[in-house]
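Comments concern the structure below.
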Amino acid sequence: MSMKSEIYLKREGRKWNVSVLTSDVPSAGTSSKVYITLYGDHGSSGPIFLDGEKGKLFQRGNEDIFRINTKNIGNLYKIRIGHNNDGDSPAWHCKEVQLLNLFSGEQFSFPVHRWLAKDQADGEISVELPVLQQGQPILPVTVYKVHVTTGDLWNAGTEADVSISVYGERGDTGSRQLLRSQKSKKFLKGQTDIFAVEAVHLGCLYKIVIGHNGLGSGNGWFLDKVVIKDPVTDLDYTFLCHRWLDQGQDDGKITRELPATDASTFPGRQELELKREKTWAAEKWKFQKGITLQFYNRFTHGFICLYPDGRVDALGDKKNKYGLFDVNVKRRNTCIFSSHQMPSLALALVSGRVTGKSKDKACCELRVHLQPNSCAILESASYPGHTVAFNLQGKVADETTGYARLSKEFVVHVKGVFHHGAIILLNTSLCQALSLRPDGSCSGAGQQQQESYWKVHKIGSGLCMFESVNKPRMYLKIKDDQCDGKGTGDEYCHFKIEKNLETGSVSLESVQNKGIYVGLLPDGQTKPVVNTGERNIFFYPQVIKFGREKPMGTSAACKQKKKGFRESQFQPAKAQEPVPQRSSTPPPPKEMRNPQGGECPLPSDDEWKLSILTGNAGTEARTALWIYGDRGLTGPITLGKDNRKQLFLPRQEDEFQVKINNIGNIYKIRIELDGLPNEQPEWNLQR
């Protein structure tokens, strides 16, 4: 039994008779729509669906005959036949395809004898067949090995269906779904999957088109690169991407066209340069004017130190005062690193050796080259190729030091990252940061934007809390086997900062749950974890705005002209008792009123009286108070917002009353002025 149908395309070209034979084996017929593509030396026909009466085509043992029109494709060298995997029984066992060129009278026969089904054989639903001459293919059928590397970013993996089209000088493969990886689960973060793509040999490859069907923000994929190995020519073709295919990231595209890297250059070098550029973009904030740095040597486990006599070594500990360097920018990545202790002295390269010289000399200009591992190489700007280097004993390297015994890469540490009041990013990769989501959960796959800004609250030596800048009064916390941003500033929000000198990262250990850290799952979701040595507890802090070095100080930082604040350690009176701890959640911050003009209610057990004595200079600025305890904090509390002009007059004492719950033993307070427009607030605060 056979059925004949005809398709007439509007374009001028050639007419063909197409005869398709379905095998006479059980379940050989298909409910799918079948298409054919013809390739010649002048181009391809594009996919042409072989339509007819639904339910009667491509049944077991049948021959179906069609007439199609194509453009002039020249001499035919291959066809592709496949289907769209549609319907209740999409699998199809094709026996043979026969073509008759009605213009030239040429006949072509293409034996198939295989399943085209996702659950059969190799899972392919299309097959390429070369033209036969005297029973032999004019082009070889090739099984390309396609190596697909997913980026090492949080939530980089995808469960979407990924498809690829490979283009060469002899046509393309058509769109092929990458189904069967050599790994048990494909497209995972940082993983390389290998697929087999069978096609008539394409000749020299020049591009691919790759994409997926994951719709919606967060359902995308970060593709690092694709490498295709041609077994016929023994050549490798590299296609670099290093971008998101995600509707909520980058440009929102989920399909990308990638050219092959230039064969005249080493692909690995191009990839290295790309990663260096991205590393510089992420780390260049460290090399700005006014930043103070330390350079850590991973071989000597010491810091570079510049001594008063000009000697330099890489043996200092992190508290060595001669290991601090101030950044002075000359051009882009060219800097002078002057001693923080002796500002007139700077690191210099003289005759290929690092030493100390007057910072106004040209030999002090060093070019910073950041490596993909985020380490820095310091090269002379005047004599390219000369770099800051030490031997494995931490001494300055000279010409007699063998290259294998040189250490010239340094981990860059910025001083003052976790000062009180600092605004920081907790970066999780070169382009991602820990962010607070609208539902209060946290993710390490956030963008490095304001949604990921955290304000540092220093509560002790090496102990901090992190408050969302975007959503004030929401703190990072670990509690009840959950890690999120729903903290209220209590003891579950206290973290010990564990600095990792070897990587330049930090880890956040819960003070309340010793040995438990803020960790990340592969999709970026935060989770309390133990330290297993994995990188999922590493965060790379980036300062957006520096805080105050000494919380006890009385003057505001130079960049805070519109604000002033003062912090003091709390000295309880003998009659005072610790604040009662009645609930796990403190009340929302409230405004304190000056009780002038009315009687104060009698204080309860958790109500406190606050007295503020102004000196010779008062203020009309808005004033806010934070109260810190060993179990949390309360604040900001606005002091007398409605009648501020009557408050804080010279030599006046103002009294307030506030209710404070569940912050434990009070150990300090912080008081801050918020200036009026065009005003720099000043206030002589006595006590």
Legend entry - P(r) histogram, all alpha-carbon pairs of the range 423-545 included - 5 Å bins from 0, percent: 2, 13, 24, 29, 22, 9, 1
Legend entry - Packing rank of 499-510, 99-110, where each peptide gets the mean count of other beta carbons within 10 Å, highest leading: 499-510, 99-110
Legend entry - Within the chain: Cβ-based charge dipole about Cα centre, in debye rounded to nearest 20 (Lys, Arg +1; Asp, Glu -1): 1880
Legend entry - Debye-sum result for the range 330-470 in log10 I(q)/I(0), which assumes one identical scatterer on each alpha carbon, at q = 0.10, 0.11, 0.14, 0.15 Å⁻¹: -0.52, -0.60, -0.83, -0.89
Inset, instruction - Using only the Cα atoms of the range 274-313, build the gyration tensor, take square roots of its eigenvalues as a ≥ b ≥ c, and label the shape rounded, prolate or oblate: rounded if a/c is under 1.5, else prolate if a/b is larger than b/c, else oblate. - result: oblate
Inset, instruction - Compute the Kirkwood hydrodynamic radius of the range 2-135, taking the inverse of the mean of 1/r over all pairs of distinct Cα atoms, and give it in Å to one decimal. - result: 14.9
Legend entry - Loop GluC sites (Glu not before Pro), the range 344-412, which have at most 11 other Cβ atoms in a 10 Å radius of their Cβ (DSSP): Glu399
Legend entry - Nonlocal amide H pairs with Ile544, under 5 Å, H built at 1.01 Å: Ile423, Ile424, Leu425
Legend entry - the chain: Cα Rg divided by the 2.2 N^0.38 Å rule of thumb: 1.33
Inset, instruction - Give the Debye-formula value of log10 I(q)/I(0) at each listed q (0.16 Å⁻¹), with one equal scatterer per alpha carbon of the range 406-492, two decimals each. - result: -0.64
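Once you've got the Cα coordinates, tell me which of Lys357/Lys455; Lys278/Lys479; Lys253/Lys479; Lys185/Lys527 are over 29 Å apart. All intermediate terms of the calculation are to be shown ahead of the outcome.
Values: Lys357/Lys455 39 Å; Lys278/Lys479 36 Å; Lys253/Lys479 38 Å; Lys185/Lys527 22 Å.
The pairs that break the limit, which is 29 Å between Cα atoms, are Lys357/Lys455; Lys278/Lys479; Lys253/Lys479.
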Legend entry - Amide H within-cut-off set for Gln191, under 5 Å, with H built and near neighbours excluded: Thr150
Inset, instruction - List the trypsin sites (Lys or Arg not before Pro) within the range 226-323 that fall in a DSSP loop (any state other than H, G, I, E or B) and whose Cβ has at most 14 other Cβ atoms within 10 Å. - result: Lys289, Arg311, Lys318, Lys319
Inset, instruction - Would you kindly derive the ³J(HN,Hα) couplings of the range 524-539 from the backbone phi angles with the Karplus curve 6.51 cos²θ - 1.76 cosθ + 1.60 (θ = phi - 60°), listing them in order in whole Hz, with x for Gly and Pro? - result: x, 4, 7, 7, x, 9, 8, 7, 9, x, 7, 7, 6, 10, 8, 10
Legend entry - Degrees between helix 267-283 axis and first principal axis of the chain (Cα, 0 to 90, nearest 10): 30
Inset, instruction - Per residue, how big is the convex hull around the C-alpha atoms of the range 180-291? Give it to me in cubic angstrom, could you? - result: 148
Inset, instruction - Determine ³J(HN,Hα), in whole Hz, for all residues of the range 355-370 in sequence, where each value follows from phi through the Karplus function 6.51 cos²θ - 1.76 cosθ + 1.60 and θ = phi - 60°; x replaces Gly and Pro. - result: 8, x, 9, 4, 5, 7, 8, 4, 5, 8, 7, 10, 8, 8, 10, 7
Legend entry - Compactness relative to 2.2 N^0.38 Å, alpha carbon Rg of the range 46-196: 1.23
Legend entry - Packing-based exposure ordering (other Cβ within 10 Å, fewest first) of His93, His301, His201: His301, His201, His93
Inset, instruction - Rounding to the nearest 20 debye, state how big the charge dipole of the range 141-264 is about its Cα centre with +1 on each Lys and Arg Cβ and -1 on each Asp and Glu Cβ. - result: 300
Inset, instruction - Could you list the square roots of 5 times each eigenvalue of the Cα gyration tensor of the range 41-80, that is, the equivalent ellipsoid semi-axes, sorted largest first and rounded to whole Å? - result: 26, 11, 8
Legend entry - Set of lysines near Lys95 by C-alpha distance (under 19 Å), chain-local residues within fewer than 8 positions excluded: Lys4, Lys33, Lys56, Lys78, Lys118
Legend entry - Charge dipole of the range 181-318 about the Cα centre (unit charges at C-beta), most positive-ward option of Phe239, Cys305, Gln182: Cys305
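Each value in this text was obtained by applying a stated rule to the coordinates, not by laboratory testing. As the structure is a computational prediction, the values presented were derived from the model and not from experiment. Using ideal geometry, Cβ is built from the backbone for each residue, glycine included, and neighbour counts are taken over all protein chains shown.
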